[in-house]
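Step one of this worksheet: look at the structure below.
Rule-based calculations on the coordinates, nothing more; no lab input. Only a predicted model underlies this, so the values are computations on that prediction, with no experimental measurement involved.
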């Protein structure tokens, strides 16, 4: 499956990590439609901006991003969890959601995008 043109919502609280992810995703041919850095902002963006897939940091400034994951799942929107802490931070209810650990590698992002979109 080609991932060029996939519209991505990036939810990441660390500016440097967000910039690196944006660069990698753009190199893969994805379009970053929005970047949210905090839970309230992410919840608003999920409701207002069209996107194909979300990259969702598990921990946003010390706040669990599960409310965003719940909203995405309820709306049938695919998403990928991202974390610097490995799979330990992912709730068991989301064990089926692809997980990419930081620092990102573009091959890991591409593979996770394909898995999240059902390829």
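Numbers at a glance
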quantity	calculated
DSSP-defined beta bridges in the chain - what % are antiparallel, rounded to 5	10 percent
The chain, helix-only ellipticity at 222 nm - DSSP H runs n ≥ 4, -39,500 (n - 2.57), divided by all residues, nearest 500	-11000 deg cm²/dmol
Structure-derived Rg/Rh (Cα atoms, Kirkwood Rh) - corresponding label in [x] 0.93; [y] 1.22; [z] 0.91	[z]
Relative contact order (%) - the chain, alpha-carbon pairs under 8 angstrom, separation at least six	25 percent
